[in-house]
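The values are calculated or read from the model by the stated rules, or taken from the named source; none is laboratory data. As the structure is a prediction and not an experimental result, all values here were calculated from the model. Using ideal geometry, Cβ is built from the backbone for each residue, glycine included, and neighbour counts are taken over all protein chains shown. SASA here: full protein model, heavy atoms, side chains in, ligands and nucleic acids out. Shrake-Rupley method; radii C 1.70, N 1.55, O 1.52, S 1.80 Å.
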Amino acid sequence: MIKEKFVLAINRYVGQNAIKNTIEELDEPIGNPPTSEMLKLSQWFRNLEPSDRANVIRVMKEVTESTLFGFFCVLDNVRIINDSENESDHGDFELYYATQNGKKWLNNPGEDAELHDLFKAIGE
C-alpha cells in the first residue's frame, strides 16, 4: 500500500468514522442500556441550537485531525513517545504493508513525503 493510500485510509476509516460514530451516538445513544454519562451528553447535544451543534462537530473534527497528525508524527519518528532518559531505550518505528502474495512496502519514513506531511496535504 502506498503511503498516500494508507494516510487516506486511516483518515477515512479511523478519523472520519470516529466523528460520524460519535455524532450518531450523541443523537441516539447505543448500549444495552446506554451509560448514564452518554445519556446526559446526548440530551445536552440534542438540546443545542443548530449553530452550537455545528461548532461541537467542528471541534470534533479539529481534535480528530490533531490526533491523527500526532499519530503520523509518531510513525514518522519525528515525535518521540518514549519518556526514558536512557538513549538506548529510544528507537524508531517501521511500518510495513505486506500483501498476501509477499509484496512489502515501508510506509514510513523514507526518501519521499512523510506520513504527517501527506496527512496535512489532504486537509488543504
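Just the residues that are modelled with pLDDT of 90 or more, part of a loop (DSSP other than H, G, I, E, B) and buried (at least 16 other Cβ atoms within 10 Å of the Cβ), please, taken from region 96-121. If the condition is that a residue be modelled with pLDDT of 90 or more, part of a loop (DSSP other than H, G, I, E, B) and buried (at least 16 other Cβ atoms within 10 Å of the Cβ), then GLU114 is the only one that fits.
Of all residues in region 74-95, those satisfying the criterion of being without any contact (Cβ under 8 Å) to a residue 40 or more places away in the chain and outside any loop (DSSP other than H, G, I, E, B) are VAL74, GLU87, SER88, ASP89. Looking only at residues of region 67-80 that are modelled with pLDDT of 85 or more and either open to solvent by 100 Å² or more (accessible area, probe 1.4 Å) or small (Gly, Ala, Ser) (or both), we find that the one that is nearest to ALA121 (Cα to Cα) is GLY70. Criterion applied to SER84, SER88, SER42 was being open to solvent by less than 40 Å² (accessible area, probe 1.4 Å), over 16 Å from HIS116 (Cβ atoms) and at pLDDT below 95, and the one residue passing it is SER84.
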